[in-house]
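**Q** Sharing a structure below in structure tokens format, with a few things to ask.
The values are calculated or read from the model by the stated rules, or taken from the named source; none is laboratory data. Everything numeric in this text was worked out from a predicted model, so none of it was measured. Quick reminder, even Gly has a Cβ in these numbers, built from the backbone with ideal geometry, and neighbours come from all protein chains shown. Accessible surface areas use protein heavy atoms only, side chains included; no ligands, DNA or RNA. Shrake-Rupley method; radii C 1.70, N 1.55, O 1.52, S 1.80 Å.
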Amino acid sequence: MKTAIVLSGGGSKGDFEVGALHFLYDRLGIQPDVIVSTSVGSVNALKLAEGEGAPDQGLAGLTSMWLDRNSQVDFFTEAPWVSAIPLLGPWFKAYLHFHALANSPVVELGLAVNPTLQVLHTLEVETAKTVLGAARAFGVSPSAVSHKMVEVTAQKLKAFQTRSLAAYTPFALFLDTVHRGGEAFFVALGVDLNGVKMALGFWQGSSENHEICEALFRDLERRGLVLSRRILFVTDGGSGLRKALRERFGKKLVHQRCAIHKARNLQRYLAKRYRSEAHHRFTIALEQTHYAEARQMLLELEAWLRTKNESAADSLLEAFEELLTVHRLMVPALLRKTLLSTNPIESMFSLVRHSERNIKRSRGSAMPQRWLGTVLLYCEQQSNRVKGFAGIAQVMATIEAEQAEPPQAQTKKAA
């Protein structure tokens with residue numbers, strides 16, 4: 001009886017096949033008499049065929065071919081944390097599909113299984129949906145992987161919390177809180193003068209109170225960040241955060257309230273039959289290009305709200321001028337859309353929640369900090385520049401001019 005193997009295509013999945021071949025040759029002692037292949041599988045088949053009569057040489061040549069790939073777009077380069085996982089040997093390292101893992105923020109995202117391997121029941125990896133499951137299939141204990149991941153994420157957290165911010169000049173700071181395991185993590189996301197986003201730091205507490213906000217500010221300053229009145233702060237408008245900012249910067253604070261948070265607040269006050277109209281009026285007002293027009297439409301909205309719900313009108317009035325900061329600064333339309341809300345930092349929080357969705361129990365306060373630091377660093381590497389970044393220089397010039405004016409002159413100008 002002759003033995004045949006099938007090598008499928010799939011670009012970078014060719015390196016995946018090398019690991020499978022090592023398992024067949026080295027562990028099971030299976031060497032094919034016939035090879036059927038397509039696409040990148042055919043490349044692998046040709047190298048194997050070179051070892052006719054000496055199969056081990058053919059496999060060695062194939063392994064060497066993949067390991068010698070060294071270009072800047074080398075899909076065989078493993079993610080840094082992969083090398084930290086205790087492996088059973090070189091064949092297991094080759095087995096990991098590096099291209100899939102390199103795009104994962106942390107190990108939880110799992111191990112891809114090549115269709116070729118799904119027919120090899122001996123491997124029992126078709127049911128392995130996580131790295132721990134794959135490790136168990138190959139005899140690596142879950143505790144060994146877990147201990148290594150604690151070590152790796154602790155290193156990531158230390159790097160995140162100790163890196164210097166002295167050379168970083170922020171144009172805007174997005175400040176918001178992500179709640180995890182009954183704790184509040186107050187996070188700062190910066191946007192520099194070139195529109196590049198950077199996770200600057202976080203501080204853990206029971207809620208987004210004044211003390212926690214101030215503690216984060218002191219930590220950022222300890223690492224060299226200069227917090228000045230020339231920074232545009234974008235927040236959800238929490239009372240503790242507003243108090244911390246106003247104590248630091250007084251009347252010259254440049255503060256944009258999140259329009260999405262305020263829209264939700266208004267909806268909660270209103271009866272259902274009024275919500276659609278209120279949302280439409282609010283959205284149209286903030287879509288205006290000029291400050292005067294947007295302000296007039298918000299005043300009309302406030303008057304309308306007075307006839308429906310006094311509390312809703314008071315809520316709008318409380319944040320009135322801070323909702324129009326980007327209009328007052330004449331921020332270009334594309335950049336204004338980014339700065340009108342805390343969506344940039346909320347998107348980052350979405351990935352944090354996604355990465356932690358399978359965690360059932362948090363073991364102490366250090367664990368959520370390790371994961372948060374690791375994922376924030378990953379988000380930073382994946383993020384793009386903010387839309388409309390070309391208008392940042394113009395806005396900075398407007399802020400500089402505004403800060404040079406006395407506070408009374410600013411008030412008259414706004415009115």
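**Q** So, of the residues in region 381-414 that are open to solvent by 100 Å² or more (accessible area, probe 1.4 Å) and in a loop (DSSP other than H, G, I, E, B), which turns out to be modelled with the lowest pLDDT?
**A** Filtering first and then ranking leaves Asn384.
**Q** Moving to a separate point now. Considering each residue of region 137-186, count those that are over 21 Å from Val375 (Cα atoms) and either of a type in the set (Phe, Trp, Tyr) or open to solvent by less than 20 Å² (accessible area, probe 1.4 Å) (or both), and give that number.
**A** In the first step, residues of region 137-186 are kept if they are over 21 Å from Val375 (Cα atoms); the result is 137-144, 166-167, 169-172.
Okay, now just the ones that are also either of a type in the set (Phe, Trp, Tyr) or open to solvent by less than 20 Å² (accessible area, probe 1.4 Å) (or both), so 138, 140, 170-172.
The number of residues fulfilling the criteria is 5.
**Q** Now a separate question. In region 342-359, which residue that is open to solvent by 60 Å² or more (accessible area, probe 1.4 Å) and part of a helix (DSSP H, G or I) is farthest from Gly181 (Cα to Cα)?
**A** Asn343
**Q** Might you check whether a residue that is among the small types (Gly, Ala, Ser) and farther than 30 Å from Leu298 by Cα occurs anywhere in region 223-231?
**A** Step one: of region 223-231, the residues among the small types (Gly, Ala, Ser) are 224, 228.
Pick out the ones that are also farther than 30 Å from Leu298 by Cα and you get 224.
The answer is yes, given that some residue of region 223-231 is among the small types (Gly, Ala, Ser) and farther than 30 Å from Leu298 by Cα.
**Q** Follow-up question, since we're still on this one. Under 6 Å between Cβ atoms, at least 6 apart or on separate chains: pull out the pairs that start in region 211-233 with a residue that is closer than 21 Å to Thr342 by Cα and end on any residue that is among the charged types (D, E, K, R).
**A** Arg229/Lys252
**Q** Given the condition more than 28 Å from Phe389 (Cβ to Cβ) and touching a helix residue (DSSP H, G or I) at 6+ places or on another chain (Cβ under 6 Å), answer yes or no: does some residue in region 161-179 qualify?
**A** No: region 161-179 contains no residue that is more than 28 Å from Phe389 (Cβ to Cβ) and touching a helix residue (DSSP H, G or I) at 6+ places or on another chain (Cβ under 6 Å).
**Q** Sticking with this one: Looking at (1) farther than 20 Å from Asn265 by Cβ; (2) open to solvent by 10 Å² or more (accessible area, probe 1.4 Å), can you tell me which one Ser315 breaks?
**A** Of the numbered conditions (1) farther than 20 Å from Asn265 by Cβ; (2) open to solvent by 10 Å² or more (accessible area, probe 1.4 Å), the odd one out for Ser315 is (1).
**Q** Any idea which of Leu372, Leu335, Leu377 is open to solvent by less than 40 Å² (accessible area, probe 1.4 Å), part of a helix (DSSP H, G or I) and within 21 Å of Leu232 (Cα to Cα)? Lay out the reasoning, then the answer.
**A** Numbers: Leu372 fails: within 21 Å of Leu232 (Cα to Cα); Leu377 fails: within 21 Å of Leu232 (Cα to Cα).
None of the others qualify; the one that does is Leu335.
**Q** Then there is this: Quick check on region 206-218: of everything there that is in contact with a Gly (Cβ under 7 Å, 6 or more places away or on another chain) and either hydrophobic (A, V, I, L, M, F, W, C) or at pLDDT 95 or above (or both), which residue is most open to solvent (accessible area, probe 1.4 Å)? Quick ask: steps written out before the conclusion?
**A** Just the residues of region 206-218 that are in contact with a Gly (Cβ under 7 Å, 6 or more places away or on another chain), to begin with: 208-210, 212-213, 216.
Right, trim to either hydrophobic (A, V, I, L, M, F, W, C) or at pLDDT 95 or above (or both) and you get 212-213, 216.
Details: Ile212: 24, Cys213: 0, Leu216: 0 Å².
Of everything passing the filter in region 206-218, Ile212 is most open to solvent (accessible area, probe 1.4 Å).
**Q** I need a count of the residues in region 1-40 that are more than 18 Å from Met65 (Cα to Cα), among the charged types (D, E, K, R) and not in a loop (DSSP other than H, G, I, E, B).
**A** 2
**Q** Follow-up question, since we're still on this one. Hey, can you tell me all the residues within region 188-205 that are of a type in the set (Val, Ile, Thr) and surrounded by fewer than 22 Cβ atoms within 10 Å (Cβ to Cβ)? Working first, answer last.
**A** Just the residues of region 188-205 that are of a type in the set (Val, Ile, Thr), to begin with: 191, 196.
Correct list: Val196 only.
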